[in-house]
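**Q** Before I ask anything, here is the structure I am working with.
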């Protein structure tokens, strides 16, 4: 979630970062993105699919703990800021850390509530590393474009469709645990 005086493009990249990170885990269902152009508030919504979580834990990554899932949610929360920062840097724009922090206050508060203080920096570092993967960044950029083209209103199916069309399974590890 973002709430600030960021540009529409920054907000679209922020929300796209959350969505792509959540999609990569294979355990979240996309519910949609809501951002009205010119508004300073946006929200990406997804929910845990417990059946997919159980399948992933049993078949793909046995031994995951509740703490692993909490850290994964922290990385997803931090992925918005990581994508927004990368967008600004890519376009040679000034990165105002105070403004980024203000805009991501809800994300930061969510991580603190989930894991306690001291986890945001590690979650953000893991999210930044994720955004540095070319295939992931391409998916984030594609989704951010779609968010802007659809005036910030995308259904969960639309979000999933854009991400799946942008990701080539041979270029990126799908269904992964986001760790730090």
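Residue-wise test of (1) under 26 Å from residue 56 (Cβ atoms); (2) over 13 Å from the mean Cα position of the chain (by Cα).
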site	(1), (2)
72	yes, no
81	yes, no
84	no, no
87	no, yes
105	no, yes
111	yes, yes
115	yes, yes
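**Q** Can you say whether residue 37 is at pLDDT below 85, touching a strand residue (DSSP E or B) at 6+ places or on another chain (Cβ under 7 Å) and closer than 22 Å to residue 90 by Cβ, as far as the supplied structure shows?
**A** No.
**Q** Looking at 43, 91, can you tell me which residue is closer than 16 Å to residue 12 by Cα and more than 19 Å from the chain's Cα centre (by Cα)?
**A** Just a single option satisfies the conditions, and that option is 91.
The values are calculated or read from the model by the stated rules, or taken from the named source; none is laboratory data. Because the structure is predicted, anything quoted here is derived from the model rather than measured. Positions of Cβ are generated from backbone atoms using ideal geometry, with glycine treated the same way; all protein chains shown enter the neighbour counts.
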